[in-house]
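The block underneath contains the structure these notes are about, expressed in structure tokens.
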Amino acid sequence: MRQFIERRPVWAFVILIAIGAALWLVLATWPAGLEDSFGKKKVFLSAVFNGITLGGLYFLVASGFTLIFGLMRNVNLAHGSLYLFGGYIGYAVSVATGSWLLSFVAAFVIVALVGVAMQVLVFRRIEGQDLRQTMVTIGLSIVFADLMLWAFGGDFYQIQTPSGLVGPMQLPFVTAVKSSGEAVYLQYPMVRLVIFLASVVIGVALWLALNRTRIGMIVRAGVDDRDILAAMGVRIQLVFVLVFALGAGLAGMAGVVGATFQSISPGEDTRFLLASLVVVIIGGMGSIPGAALGALIVGLAEQLGSVYIPTYAIVVTFLIMVLVLAIRPQGLLAGR
């Protein structure tokens, strides 16, 4: 941080001003003139929290993608299909058992096994062949999409929120002040907050596993020089299978999350694959903090754009991506 400020004082000043303005918009009571031109503060805060929680969902998908694509250099364009399949598995298990938590376990395990099969049967045979990996996984995504359409139909599915997480939670953010002087606080769905906190925990655990453990060191070393690592007696292919399974399992869990506070249907696989690509490009390949920052930026851009510039909301995300590529092509928090 200190080096960044010393090297780019102008950008540091601009970022500081932007952070200060954002905090004022969230924490301060808006004057009447601002509400007349910008809309009610409640709408703004709801859009902000919707963007943050959507960013948590994008992070769960993109964290698995950045493990597979960013760290292992495997171009898996069927990653969105793993997300959608996990959502369908979670829905089927929750309906059959009535357990929301069990749907996460089932989705993680089953989709992780699919990931193992993909790594062993497909990626191991075409290692280092990016173009072939791209074409093969595009074909796999089309096949998976047709199989899921055949098995689950074209309906929308939504997983029931557990009774303990139903309803809003009052947050310490003032949305308005009544004429009597009483403050009105923001009410927000509890399930979205719980899911976001879970995504934060998962992100911290992934970062610690990759940067503070022997397994993480082996994974990073295996990407850089697998021959030397194999000569030291490490079963590098087994490590890669486990990492691929983890990335696929995270996508499956994200599918359950998406089916809980949104819905799942055919076409969601393409949407979340594209979102994962944008998140990884913005944040930086192979960086868990980068995936978190990129997911937060994309989530906020989508939600705030849909509220204030709905006609051009979809363009905002790609404008941000183009700006990042122009200024820092390797991503905002790319690993060294």
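The values are calculated or read from the model by the stated rules, or taken from the named source; none is laboratory data. Model, not experiment: these values are computed from the prediction. Cβ placement follows ideal geometry from the backbone for every residue including glycine, while neighbour counts extend to all protein chains displayed. Surface accessibility is based on the protein's heavy atoms, side chains included, excluding ligands, DNA and RNA. Shrake-Rupley method; radii C 1.70, N 1.55, O 1.52, S 1.80 Å.
Annotation: amide H-H contacts under 5 Å for residue 332 (H modelled 1.01 Å from N, sequence separation of 5 or more, or interchain): 283, 284.
Surface calculation, 1.4 Å probe, protein heavy atoms: residue 182 sits at approximately 100 Å² accessible.
Each 10 Å bin from zero up to the one holding the largest Cα-Cα distance in segment 109-244 carries the following percent of pairs: 9, 21, 25, 22, 14, 7, 3, 0. Summing Cβ point charges (Lys, Arg +1; Asp, Glu -1) relative to the Cα centre of the chain gives a dipole of roughly 740 debye. Rolling a 1.4 Å probe across all protein chains gives residue 177 an accessible area of roughly 80 Å². How much of the calculated P(r) for segment 18-116 lies past 24 Å, in percent of all Cα pairs? Result for the distance tail: 48 percent.
When the helices of the chain are scored as -39500 (n - 2.57) per DSSP H run of n ≥ 4 and the total is divided over every residue, the value at 222 nm lands at -23500 deg cm²/dmol. Of the solvent-accessible surface of the chain, computed with a 1.4 Å probe over protein heavy atoms with every protein chain present, carbon and sulfur atoms account for 69 percent.
Using equal-weight Cα scatterers in the Debye expression, the normalised intensity of segment 31-178 in log10 at q = 0.12 Å⁻¹ is -0.70. Can you tell me the FRET efficiency between residue 208 and residue 14 if r is taken as the Cβ-Cβ distance and R0 is 25 Å, rounded to the nearest 0.05? Given R0 = 25 Å and the Cβ-Cβ separation, E is 0.20.
Surface calculation, 1.4 Å probe, protein heavy atoms: residue 40 sits at approximately 140 Å² accessible.
If I stretch the segment between residue 180 and residue 163 completely, what's the gain in nm (0.36 nm per residue apart, minus their alpha carbon distance), one decimal?
Separation in residues times 0.36 nm, less the Cα-Cα distance, equals 2.6 nm.
The alpha-carbon atoms of segment 91-171, seen along their principal axes, cover 51, 28, 27 angstrom, with the largest extent given first. Taken over segment 234-336, the ratio of Cα radius of gyration to 2.2 N^0.38 Å equals 1.21.
Over every Cα atom in segment 40-97, the radius of gyration and the widest Cα-Cα span, Dmax, amount to 15.7, 46 Å. Dividing the alpha-carbon radius of gyration of the chain by the rule-of-thumb value 2.2 N^0.38 Å gives 1.06. Only helices reaching 24 angstrom along their own axis (Cα) with mean Kyte-Doolittle hydropathy no lower than 1.6 count here, and for the DSSP H runs of the chain these are 9-27, 100-121, 190-211, 236-261.
Placing +1 on the Cβ of every Lys and Arg and -1 on the Cβ of every Asp and Glu, with nothing else charged, gives segment 4-111 a dipole about its Cα centre of roughly 120 debye.
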